[in-house]
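The values are calculated or read from the model by the stated rules, or taken from the named source; none is laboratory data. Everything numeric here is computed off the predicted structure, so don't read it as measured data. Cβ placement follows ideal geometry from the backbone for every residue including glycine, while neighbour counts extend to all protein chains displayed.
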Amino acid sequence: MNGAHDMGGMHGFGPIMREDDEPPFHAAWEGRTLALSLAMAAAGGWTIDMGRHARERMAPADYLASSYYQIWLAGLQTLIEENGLATREEMASGVPDAPGAAVKTVLRADQVAGVLARGAPADRPAGGTPQKYRPGDGVRVRNFHPTGHTRAARYLRGHTGQIVRVHGFHVLPDASAAGRGDQPEWLYCVRFSARELWGEQANARDHVHADQWESYLEPA
Amino acid sequence: MAHDDHHHDHAEGSQLSDTALRVRALESLLIEKGYVDPAALDALIETYETKVGPRNGARVVARAWCDADFRKWLLDDATAAIASLGHTGRQGEHMVAVENTPEVHNMVVCTLCSCYPWPVLGLPPVWYKSAPYRSRAVIDPRGVLDEFGVTIDEAREVRVWDSTAEVRYLVVPMRPEGTDGWSEDELARLVTRDSMIGTGVALDPADLDAAGS
């Protein structure tokens with residue numbers, strides 16, 4: 001979706017505000033929000049792509065006015081509601097109106113280290129699926145505007161680059177976010193010249209690289 | 001400007017307490033529903049507050065500086081090389097290391113959200129997740145680097161890596177001059193978080209002295 005989250009190349013946000021000796025969390029609720037998001041993904045069984053898409057679906061004005069963990073909180077509440085695990089009223093009051101629904105798994109403290117160390121690899125067996133592009137091939141990011149989740153950033157669409165690396169056969173976020181399963185595809189690292197993306201103002205030597213799935217690309 | 005700052009602080013303050021209350025209500029609801037175990041939440045927070053952070057990545061870089069075979073392995077298969085030092089898992093499942101050279105400076109961003117290599121760098125700083133960095137890193141990387149105090153010669157290529165998939169990038173900064181014969185432990189102290197994002201360079205040995213270390 002062409003949302004407020006897709007920020008590459010936008011102007012007007014001002015200087016980058018850095019902080020010396022920054023703590024991992026600036027308030028206790030930030031840590032709780034991160035932990036609740038990780039634990040509820042295990043309980044609700046939603047994918048990382050569904051999580052990202054829930055955050056991206058915030059109204060653009062709200063997204064831009066929120067801190068990062070406020071965006072995470074909004075996304076988490078959206079997924080809890082959409083998965084029928086609690087109502088907005090329950091979340092606001094903190095008091096259940098009905099007993100809990102059945103969930104996939106309840107993450108226990110003694111499982112945390114193992115779950116984090118394993119992570120959730122996004123590669124899948126290619127099973128002989130042919131690979132359309134090779135390093136050195138020219139490609140163009142398609143001029144497409146899906147209303148759902150995608151990782152084809154707007155600033156890349158319609159632009160031509162070169163395949164520099166094949167990462168493997170990875171879950172397609174566009175499908176995974178929509179609950180259509182993994183639908184894995186070949187994933188490529190594409191190198192774009194800065195001039196191709198931004199014109200004469202860019203340094204002629206500079207490049208931007210982005211990882212793009214095969215269905216995002218066409219030969220060029 | 002002073003007025004804007006005041007307004008901003010005020011808005012932030014009242015939002016914060018409101019948000020803290022919302023999170024408290026949500027947590028107590030989810031515990032009562034039986035969906036989450038509060039001890040697991042504590043363990044998750046403790047992990048990212050105390051166990052995972054940029055010192056992990058600094059060890060990886062220092063090893064690459066000292067050990068040519070490890071450096072080659074890291075550049076060929078970063079996931080396996082980094083796993084050999086015990087750093088694996090969430091938000092580092094698929095790692096790629098990119099090396100700075102006299103010809104190339106690398107810099108990492110996630111324009112679409114906040115993808116960041118947690119096992120080697122910990123959680124991202126606020127600026128990395130902020131609109132100014134996400135918007136400008138791809139269109140004006142040299143301007144961003146200037147703000148971080150890093151000036152890149154016109155003749156040197158800047159390579160920006162936008163983390164659009166589940167692949168996470170780690171920058172291997174250049175080893176500073178004057179560190180011949182240094183141990184891995186000593187070298188690791190020169191490797192800053194920002195030098196592994198590419199918005200900084202490794203510390204000069206003189207910087208360590210200046211910091212009184």
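Key figures
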{"quantity": "Residue count for region B:26-38, restricted to those that are buried (at least 16 other Cβ atoms within 10 Å of the Cβ) and either of a type in the set (Lys, Arg) or over 22 Å from A:Gly45 (Cβ atoms) (or both)", "calculated": "1"}
{"quantity": "Subset of region A:119-155 that is farther than 21 Å from A:Gly181 by Cα and within 7 Å of another protein chain (Cβ to nearest Cβ) - its residue that is farthest from the chain's Cα centre (by Cα)", "calculated": "A:Tyr155"}
{"quantity": "Helices (runs of 4 or more DSSP H) lying entirely in region B:37-120 (those with 2 or more residues that are under 15 Å from the mean Cα position of the chain (by Cα) and modelled with pLDDT of 95 or more)", "calculated": "B:54-66"}
{"quantity": "Inter-residue pairs, beta-carbon under 9 Å, first on the phi > 0 side of the Ramachandran plot and in region A:100-122, second charged (D, E, K, R), 6+ apart", "calculated": "A:Gly119/B:Arg90; A:Gly119/B:Glu93"}
{"quantity": "Filtered residue count, region A:134-153, keeping only those that are surrounded by 12 or more Cβ atoms within 10 Å (Cβ to Cβ) and farther than 21 Å from A:Leu197 by Cα", "calculated": "2"}
{"quantity": "Residue among A:Asp97, A:Asp21 that alone is part of a loop (DSSP other than H, G, I, E, B), at pLDDT below 95 and not aliphatic (A, V, I, L, M)", "calculated": "A:Asp21"}
{"quantity": "Selection count where residues are of a type outside the set (Phe, Trp, Tyr) and in a helix (DSSP H, G or I), scope region A:108-156", "calculated": "12"}
{"quantity": "Verdict on B:Ser135 being without any contact (Cβ under 8 Å) to a residue 40 or more places away in the chain, of a type in the set (S, T, N, Q) and part of a loop (DSSP other than H, G, I, E, B)", "calculated": "no"}
{"quantity": "Region B:92-129: number of residues that are more than 7 Å from chain A (Cβ to nearest Cβ) and of a type in the set (S, T, N, Q)", "calculated": "3"}
{"quantity": "Exclusive hit being at the interface with chain B (Cβ under 9 Å from one of its Cβ atoms), farther than 14 Å from B:Ile139 by Cα and in contact with a Pro (Cβ under 9 Å, 6 or more places away or on another chain), set A:Val171, A:Val164, A:Val208", "calculated": "A:Val171"}
{"quantity": "Given (1) touching a Ser or Thr at 6+ places or on another chain (Cβ under 6 Å); (2) more than 8 Å from chain B (Cβ to nearest Cβ); (3) among the aliphatic types (A, V, I, L, M), index of the condition A:Ala98 fails", "calculated": "(1)"}
{"quantity": "Count - residues of region A:174-205 that are touching a helix residue (DSSP H, G or I) at 6+ places or on another chain (Cβ under 8 Å), more than 9 Å from every other protein chain (Cβ to nearest Cβ), small (Gly, Ala, Ser) and more than 26 Å from A:Ala126 (Cα to Cα)", "calculated": "1"}
{"quantity": "Residue count, region A:102-117 (criterion: within 7 Å of chain B (Cβ to nearest Cβ) and touching a Gly at 6+ places or on another chain (Cβ under 6 Å))", "calculated": "2"}
{"quantity": "Filtered residue count, region A:134-186, keeping only those that are more than 13 Å from A:Asp211 (Cα to Cα) and of a type in the set (A, V, I, L, M, F, W, C)", "calculated": "4"}
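Listed here are the residues, each with its yes/no results for (1) without any contact (Cβ under 8 Å) to a residue 60 or more places away in the chain; (2) closer than 25 Å to B:Val36 by Cα; (3) surrounded by fewer than 16 Cβ atoms within 10 Å (Cβ to Cβ).
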residue	(1), (2), (3)
A:Met7	yes, no, no
A:Pro24	yes, yes, no
A:Leu34	yes, yes, no
A:Met40	yes, yes, no
A:Ile48	no, yes, no
A:Pro60	yes, no, yes
A:Ser67	yes, yes, no
A:Gly75	yes, yes, no
